[in-house]
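Worksheet for the structure shown next.
Values in this text are rule-based calculations from the coordinates and carry no lab data. These figures come from a predicted structure and were not determined experimentally. A quick note on method: Cβ atoms are made from the backbone with ideal geometry, for glycine too, and the neighbour counts reach across all protein chains shown.
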Amino acid sequence: MPEELDPFRIAQEQLDQAADIMGLDKTAHAILREPRRQVTVNIPVKMRDGKVKVFTGFRVMYNDARGPGKGGIRFHPQENLDTVKALSAWMTWKCSLANIPFGGAKGGVICDPKSMNTTELENLSRGYIRAIGRLIGPRVDVPAPDVYTNPQIMAWMLDEYEEIVGHDEPGVITGKPVELGGSAGRYDSTAMGGMYVLREAAKMRKLNLKKSRIAIQGFGNAGRFAFEIAQKLSGANVVAVTDSEGGVYSPKGLDYAKLGKAKDNTGSVKNYDGKGTQTITNEDLFDLDVDVIIPAAIENAITRKNADKVKAKIVLELANGPVTPEADKILFERGILDLPDFLVNSGGVIVSYFEWVQDIDGYYWSEGDVYKKLDTIITRSFGEVFKTQAQYKSRSKRISPRMAAYIVAVNRVATAMKARGWY
């Protein structure tokens, strides 16, 4: 992987830029450049052919100065330690920016879940928890679902953890089924939070979302809900959607139900059947004449190679790390409002926090209460980011929204470390 696209290098470079702008203490900066703990584990799993296959897994605790670690678990064939480290760093800033009492962590297993049956997935999930069980807990490190993991996998993991400790402990994992202590509103919380951020950004840029055109890269959990919620909340017109195999574009807009059916029945949105549509690639999507682009898939979607092509007024980073530092600079200089991932997609961890609180209290909220509280927190975060950006502008320093978000988040973590006597 080229150095400029290495996720952890990107995470470090973003921190370095913020540290320089805010004049961060050098010792605090050095502490924050690396995770506090990283582990690699081997997980033996009996496969359907009777043979045992050993999978490699990771868990990284980046920083816990502000509270227990918090971060998802990915099952992915290209998973690696550097990606997990980067995601754990971004989780640290995400929790801090939202001002919730968590640090940042992340986990992953190198595997191809699409080729595994239910029994193999369950055995892998339980094996992973057996391997890291001593490193997690409701007051230590709280995992959650991420790419190719889901509430069922979290249920297996919770059950295995409770078998290990010998008692009920629903707060150890979030993103669980509601029947096991999961929170109402958790499944679509990432997209819902992103749409609240888009609403505030549209107000700031005086963009009428009812008349806007949106393109979405990625039609997994986040992208799919983003399409649905964008239409329900604002009446926006989604004109393009892609997934890993390609996509479709229609100037008149796409039908959500038909698109979902194409994805479910054929495995790709590129097989969408609609009049006046044309097939496009993922690269084509960034060159479309639209108002909003939502990268909702993987890291490094917008780079210095395609940032000049972007015509959208707003880039809403629903995925983790979809814009490289070089691309971020280009978009900022071009006047495009690039809303950083750890603001936009923080809805997932905010509602995970709600789930954790409900599990500890044993009292559960309605979906309406969850959405209302999510709106309050993420809207407050949006305001803090742009207040900080304006403060630096008044000092004749032009900083991007991402740098403003970093300054807010890093300052909170550094302050907590200072109070603890870490430096």
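Observations, loosely collected:
- Point-to-point label distance, VAL140-ALA30, nm (Cα→Cβ direction, 7 Å offset): 2.9 nm
- Nitroxide proxy distance, nm - points 7 Å out along Cα→Cβ at TYR392 and ASN306: 2.7 nm
- Axial C-alpha extent at least 30 Å, average Kyte-Doolittle at least 1.0 - helices from the chain (DSSP): none
- Spatially near lysine pairs across the stretch 37-169, Cα under 22 Å, sequence gap of 8 or more or different chains: 10
- Listed candidates (i) 21.8; (ii) 23.8; (iii) 22.3 - label of the one calculated as Kirkwood radius over Cα pairs in Å: (i)
- Bridge orientation summary for the chain: considering DSSP beta bridges with both residues in this region, about 50 percent are antiparallel.
- The distance from the alpha carbon centre of the stretch 70-149 to that of the stretch 249-324 is 27 Å, rounded to a whole number.
- Straight-line reach from LYS305: taking Cα to Cα under 16 Å and skipping same-chain neighbours fewer than 8 places apart, the lysines in range are LYS329.
- Taking a sphere under 15 Å around the Cβ of LYS232 and counting the other residues whose Cβ falls inside, with K and R at +1 and D and E at -1, yields a net charge of -2.
- Cβ-placed point charges (K, R +1; D, E -1), dipole of the chain about Cα centre in debye, nearest 20: 1220 debye
- Antiparallel DSSP beta bridges within the stretch 98-247, as percent of all bridges there, nearest 5: 40 percent
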